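The structure under discussion appears below in the form of structure tokens.
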Amino acid sequence: MGQSTFVDYTQVNGQTRGTITSNGNANRIYPQAYWYKGPFGLMGEYVASTQTLNATSNSRGNNNLTQTNTASHVQFSYVVTGEDNQFEGVKPIRKFDPGKGTWGALQLAARWSQLTLDNDSFKLLDPTKSASEATEFTVGANWFLNKYSLIRFDYENVWFTGGAGTPGATRNGVSSYNIANRPSEQVLSTRFQLAF
């Protein structure tokens, strides 16, 4: 949610490079499953994405490589005010109208997700500038004012593996690295959303 860049496709061996681009077809497998019953909701997804990367120059000669990155998430939600939980969203039984003493619907949610970069990616990427994994946990509340509008409140914490540190010694044109984990990221956000 914080939208921090944690993969830098412009750095390798601590030096600014030309461009690393996707070259050729990209293949994705993207299964999803969900279950909703009364106020409860559960959803999960998995993604495996394969593509070939091409670097404009590389002193070690690794100009092309194929990477398969993976991601997954599991989300649980519960509607406190008694409405049915649905994939399409919650439709309040009583819309927001303080004059009549009605306040809409309230849904609480929690999500765990993870993104893992293929280890082969680091033949091109600098591991002190790009994290190899991000793991996220979010808790939130969704206040449905009516079937067309809602207000979201979310708190997210993301932990990174790698993505910080310093380049080490260079031998035979190959750099070693003193890799450290990038500091975790915490984000508190709100959003007002309209749907038609």
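Values for this structure:
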| read-out | value |
| --- | --- |
| Number of the condition not met by Pro98 [criteria: (1) surrounded by fewer than 18 Cβ atoms within 10 Å (Cβ to Cβ); (2) under 13 Å from the mean Cα position of the chain (by Cα)] | (2) |
| Selection within segment 126-148 - outside any strand (DSSP E or B) and surrounded by fewer than 17 Cβ atoms within 10 Å (Cβ to Cβ) | Lys147, Tyr148 |
| Number of positions in segment 104-123 that are open to solvent by 30 Å² or more (accessible area, probe 1.4 Å) and in contact with a Leu (Cβ under 7 Å, 6 or more places away or on another chain) | 2 |
| Residue among Ser113, Ser121 that alone is touching a residue at least 40 places away in the same chain (Cβ under 8 Å), assigned to a strand (DSSP E or B) and at negative phi | Ser113 |
| Residues located in segment 82-95, provided they are buried (at least 17 other Cβ atoms within 10 Å of the Cβ) and charged (D, E, K, R) | Glu83, Lys95 |
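The values are calculated or read from the model by the stated rules, or taken from the named source; none is laboratory data. Just so you know, these numbers come straight off a predicted model, no measurement behind them. Glycine gets a Cβ as well: all are built from the backbone with ideal geometry, and neighbour counts include every protein chain shown. All accessible areas refer to the heavy atoms of the entire protein, side chains included, with ligands and DNA or RNA removed. Shrake-Rupley method; radii C 1.70, N 1.55, O 1.52, S 1.80 Å.
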